[in-house]
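Input: a single structure, listed below in structure tokens.
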Amino acid sequence: MKRSLRPLAATAVIFIIAYGLAVLQFPNMLSTRVLGNFLTDNAFLGIAAVGMTFVIISGGIDLSVGAVIGFTGVLIAVLTSWLGIHPLVAFAIALGVAALFGAAMGFTIHFLQVPSFIVTLAGMFLARGGASIITQDSVPIKHEFYATLGDLMIRLPGGGKLSFIGMLMILIFLGGALLAHRTKFGSYVYALGGNSVSASLMGVPVARTTVQIYMLSSTLAALAGIVFSLYTSAGYPLAAVGVELDAISAVVIGGTLLTGGYGFVLGTFVGVMLLGLVQTYIIFDGTLSSWWTKIVIGVLLFLFIVLQRVIFAASAPGEKSPEKV
Amino acid sequence: MIDKGERRMADSQYVLEARGVIKIFGSQTALDSVDFGLRRGEVHALLGENGAGKSTLIKILTGAYQPDGGQVLVDGAPVTLDNPLHAQTHGIGTVYQEVNLLPNRSVAENLYLGHQPTRFGLVDHRKMERDARVLLTRYGLDLDPGSELGSHSVAVQQIVAIARAVELSGKVLILDEPTASLDRNEVERLFEVIGDLKRAGLAIIFITHFLDQVFAISDRVTVLRNGRLVETQVLDALSRTDVVRLMLGKDIAFSGATDLEPENPTTDVLLQFSGYGRKNGVAPFDLTIHKGEVIGVAGLLGSGRTEMARIMFGADPADQGSLRVNDKPANVRNTTDAITLGFGFCPEDRKAEGILGDLSVRENIIIALQGKLGWFKALNRDEQLEIAGRFGESMDIRAASLDMPVKLLSGGNQQKVILSRWLATDPAFLILDEPTRGIDVGAHAEIVRTINRLRDDGMAMVVISSELDEVVAYSSRIVVMRDRKMVAELRGKNINPGVIVQAIANNPDEATP
Amino acid sequence: MRRLRLDRLANPQLLALVGVLAINWLLFPSFFHVTWQDGRFFGSFIDVLNRGAPVAILAIGMTGVIATKGVDLSVGAIMAVCGAVAATMVVAGYPAPIAIIAALAVGLACGLWNGFLVAVLDIQPIVATLVLMVAGRGIAQLITEGSIVTFNDPSLIFVGTGSFLGFPMAAVIAVVLMVLVTLLVRRTAIGLFIQAIGVNRAAASLAGIHSRMLLMLVYALSGLCAAIAGIVVAADIRGADANNSGLWLELDAILAVVIGGTSLLGGRFSIPMAVVGALIIQAMNTGILVSGFPPEFNLVVKAGMIILILLLQSPYAALPFKRRPAASNKTASS
């Protein structure tokens, strides 16, 4: 098996075993209803995690994701509820604003040659602060279009529902996988994460690609914000606090190397599902408290970081092999 | 791809040419009116020690640097090469020592990144891998193009890099020390590929430190020294000794034989290395060093001389053999052990391994002494100033202030700072790796004076240097390194640079003087 | 020595602090108005000192970490854990000193864990400390069992709300800690060694300095500082709030250190200046509050500050001041 597939395989095996055990304990968990809710409840996280996957594969990190989700929610709520703009137009505006925002972050990271975490930290402050300046309260969204989207779903056999946002997430994952593995842009993202000096010598447009990566991440975060607003029917400036950490965890648990260069968009899907499983299990159990989610995620994160360290330590990119004579 | 060059062949005899190229960095002239011409279908070796200007010339020929004077011509027409990618469009491809590919991606993607075949706007992996397989077969590689590049040996990666460079440029191939981390069989395999490309009409520049390899595949050779062109010559006209002499310079006369400093058998033995070595470092060697003795180490770059120094100092600890210090067994597992035993080491790469750039001259001087004293026995500011001031004066360190960052000093003064750093620890044994390279004449003289003074004070030293006449002047014995082995230990009378050059070149056909 | 002190008074951090305070004074003329009441000082300025203390305490530990080219993202979560430990222990009937010692020990253990991942397993600091950042709050909630644990122990409350010579206890703790840690690193060789490995780890290692113990030390210290900050915050609100205690404070601490002139690329550092950085952040906070802006406006100002500092530290800003043209490889990639 390819080295880079091993962490993903580990995640998949853990997911199957964990799910199997959970089903043994609570046979109800094997219903289409639970599966459908799985997708609906994690849709916004999944969409944000797709963007985060690209960022992390390229060797960066994006701390602004949660704040962009919050900002987008507020922006859409204000545009539709206060200004009476149609949600679709509001969506387009939000996506456009986020794209510009991400482009600005990517531009700063590349041209000032500074670590991505500090730039996206500024982005996080800016987005969170901006949202709070617009409003400090939760703004409800009451628009028939929202109701329409809410009713849009595929009924699954067994009483389950595949909601619009669940389908959207799956679509984004498929699109993300195509982008990562079947386009030149995708190969450039991996190239940057592998070795940015080599990449530039090989003709990768480093500046353009960096800007595009952060644009993609922020745009998908905005899409996640739209989904979140559909999910909650409101915009709240402090919504989705800390979602960036969940997204990063899902990406790493899904087999992407936190230092960049290796990873799979569909692995992130397994990561998101594993996080969802932990949450669902805790809800089903009823005696376990919600904080166990964070602890379990932390433990998984640790295990995967160490696992990657072990798998990739043998010949980290850029290190010369010791096979000299 | 190769015949593209053929069609465009102009009347110029050179595919790629540098005319009177000048490159200046600050106060240093890295290249001084250098001429260089590359013909079709030749392997042209570019030789020179560190700082000779090889890499600067290569960077100009690949567009990484812009010349400050002179011009670069492709097929006889002057060109401005903006960057390596632009050079590629002029047919110039480069393969670097550290394979500049992506070990995390597949072999096929490394071959075609940026030029992947697409179908309906998507990368066509199947076609790409099929093309890659065909291409790799031409280079004698039978491997899965879908496999991760990093899973293959450096030699295979090197060949993949060559295939990519030739595929994308197709006229000139620059090989910048491609063999540095290859074993013998891998080198041969690489040479077969180079031979095929040469026969196909490619012009190849080959940079290496290994003379054997130069003689194995090169047609012509250009030697640079101190930023100047020394000579361009058909290789058949030169002997190994000639080449080494051209590289090390100073018109070494075979007549003016100097006697080495007499060994003084009455002084005590300080160090005995026996069977000392490290796998993948240096083959086991024996060496006895007396107090008050300087051992000169000669050898070309890549001969294992720096590796030997690092093994002695415990930076890459020995994994075989034994060491006795003052006739007692000693164990050097890391640099701390070495320092505790009274060793000191001035590394060759001052910037990367020597100076602590942002720290002050004072802190740079006392750091090793402080390291020896530990966390809690801190030298206070006055003590630091006293020590730094003392060495600043005795070593003639030209710094506006002892509190200025050491990175602002000139190379020579930085070297004196590092030497002072070790002298402050009152060492019994100092290892100096190219202490006089790349520094101005004044600092050079000062360092040679210091070496003489320390020797007379009874310190034992190992000095690695390419300045042979200088080594002869202060050493009592000279150890010659080649192919990561100690190949000779020269002592006694009638030692001159010529003898050393021959020991380095080791051409048995030539008579010893 | 004497001349140096004068130079230090004119450094950009202190000027910025004076500037921010002056703006506060202009917007709010009674800003410096300090009253004496119940044996302690009151006033907006005193408030800045008091409220700035937790970030200042975190910044003291963070400085050492950043000086080694690292970063510690877990301090906010460690604060929550240690606050929870102290609170639940006094509620369970342990005397306050024991609870405080236990909380400090937990903080130290968290720091050593981070140090182990970074120094021994050689994991990137940002990755290594992410683990506790994620898991820490869960652990804190596990300790408090999800509720806000309130307490009435007067000695523990004193740590957060008491006063010493009229000054708020939190500020006094921050100053004492700053002095102690500064003495620890400056009177020993530890500070020099930290800078050496931050500037050039390869050269430092050849000079005989071993980075492993030093890295363990700086992360342990950072954990300990987080524990102190966590106790102070818990004592201040008389309760441990596992969800919100120290939330995002790691980012404020990093910002304070960077404002204090320590580069994210490691090397030279100044602990007092990082504390000044924390005060600048708090003075702006207070200024925004007293002038009637919503508190979230703060975040935007902080973002602006980060961007300003990045611009000042960027290679482009340094270009006109460069003394020698660098013959670096950068030209190759440009």
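Read-outs: derived from the displayed coordinates by stated rules, not from any lab. It should be emphasised that the depicted structure is a prediction, and the values quoted were computed from it without experimental measurement. Positions of Cβ are generated from backbone atoms using ideal geometry, with glycine treated the same way; all protein chains shown enter the neighbour counts.
Given +1 on the Cβ of Lys and Arg, -1 on the Cβ of Asp and Glu, and no further charges, what dipole in debye does the protein assembly as shown carry about its Cα centre, rounded to the nearest 20?
The dipole of the protein assembly as shown has a size of about 1120 debye.
Which shape class applies to chain C: rounded if a/c is under 1.5, otherwise prolate when a/b exceeds b/c and oblate if not, where a ≥ b ≥ c are the square roots of the Cα gyration tensor eigenvalues?
Oblate, because a/c is 1.5 or more while a/b does not exceed b/c.
State the Cα centre-to-centre distance between the stretch C:101-168 and the stretch B:108-177 in whole Å.
Each part's Cα centre sits 52 Å from the other's.
Other chains near B:364-377: what is the mean number of their Cβ atoms within 10 Å of each residue's Cβ?
5
When only Cα pairs under 8 Å and 6 or more residues apart are kept, what is the percent relative contact order across the stretch B:354-458?
Dividing the mean separation by the residue count of the stretch B:354-458 yields 34 percent.
Quantify how strongly other chains surround peptide C:204-216 by giving the mean number of their Cβ atoms within 10 Å of each of its Cβ atoms.
That works out to 6 on average.
What shape does the protein assembly as shown take by its C-alpha gyration tensor, where a ≥ b ≥ c are the square roots of the eigenvalues and a/c under 1.5 counts as rounded, a/b above b/c as prolate, and the rest as oblate?
Since a/c reaches 1.5 but b/c is at least a/b, the shape of the protein assembly as shown is classed as oblate.
Between the stretch B:14-57 and the stretch C:71-87, how many Å separate their Cα centres?
Going from one Cα centre to the other spans 59 Å.
When chain A is modelled as a GNM with alpha-carbon springs shorter than 10 Å, which of A:A92, A:A250, A:A221 fluctuates the most?
A:A92
Relative contact order (percent) for chain B, with alpha-carbon contacts under 8 angstrom and 6 or more residues of separation?
For chain B, the relative contact order is 15 percent.
Taking neighbour Cβ counts within 10 Å as the exposure measure, how do B:Y96, A:Y214, B:Y276 sort from fewest upward?
B:Y96, B:Y276, A:Y214
Nearest 0.05, what FRET efficiency do A:T135 and C:L312 give at R0 = 35 Å with Cβ-Cβ as r?
After rounding, the FRET efficiency stands at 0.55.
Only counting other Cβ atoms within 10 Å, I'd like C:C82, C:C225, B:C346, C:C110 sorted with the fewest neighbours first.
The order, fewest Cβ neighbours first, is B:C346, C:C110, C:C225, C:C82.
Could you calculate the FRET efficiency of B:Q28 with C:W248 from 1/(1 + (r/R0)^6), where r is the beta carbon distance between them and R0 is 56 Å, rounded to 0.05?
It comes out at approximately 0.70.
Among DSSP beta bridges lying fully in the protein assembly as shown, give the percent that are antiparallel, nearest 5.
The antiparallel proportion sits near 65 percent.
Starting with the fewest neighbours, write out A:T219, A:T232, A:T287 ranked by other beta-carbon atoms found within 10 Å of each beta-carbon.
A:T287, A:T232, A:T219
Would you mind giving the mean number of other chain beta-carbons within 10 Å of the Cβ of each residue in A:201-207, as a whole number?
6
Considering the Cα positions of chain B, please state its Rg to one decimal place and its Dmax as a whole number of Å.
Answer for chain B, Rg first and Dmax second: 25.2, 84 Å.
Given points 7 Å out from each Cα along the Cα-Cβ axis, report the A:A147 to A:Q25 separation in nanometres with one decimal.
Between A:A147 and A:Q25, the label points sit 4.1 nm apart.
Holding the Cα-Cα limit at 22 Å, pick out from B:K407/C:K69; B:K279/B:K485; B:K291/B:K328; B:K351/B:K416; B:K59/C:K69 the pairs that are longer than that.
In this structure, B:K59/C:K69 exceed 22 Å between Cα atoms.
Based solely on its DSSP helices, what 222 nm [θ] is calculated for chain C when runs of n ≥ 4 H residues each add -39,500 (n - 2.57) and the sum is averaged over all residues, nearest 500 deg cm²/dmol?
Rounded to the nearest 500, it is -22500 deg cm²/dmol.
Compute the long axis of helix B:184-199 from its Cα atoms, compare it with the longest principal axis of the Cα atoms of chain B, and write down the angle in degrees, 0 to 90, nearest 10.
Its long axis makes an angle of about 40 degrees.
GNM on chain C, C-alpha springs below 10 Å: top fluctuator among C:G160, C:G223, C:G64?
C:G160
Quick check: Cα centre of the stretch A:32-84 to Cα centre of the stretch A:218-240, how many Å?
Result: 6 Å between the Cα centres.
On a 0 to 90° scale, report how tilted helix B:381-394 is relative to the longest principal axis of chain B, with both axes built from alpha carbons and the result rounded to the nearest 10.
The angle comes out at about 80 degrees.
Expected output is a single nm value to one decimal: the length gained when fully extending between B:D396 and B:E188, i.e. 0.36 nm times separation in residues minus the C-alpha distance. What is it?
69.9 nm
What number, rounded to the nearest 500 deg cm²/dmol, is the helix-based mean residue ellipticity at 222 nm of chain B, given -39500 (n - 2.57) per DSSP H run of at least four residues and division by all its residues?
Only helices count here, giving -10000 deg cm²/dmol.
With no solvent and one equal point scatterer per Cα, compute the Debye intensity ratio I(q)/I(0) for the stretch B:352-426 at 0.14, 0.24, 0.25 Å⁻¹ and report its log10, rounded to two decimals.
-0.36, -1.08, -1.17
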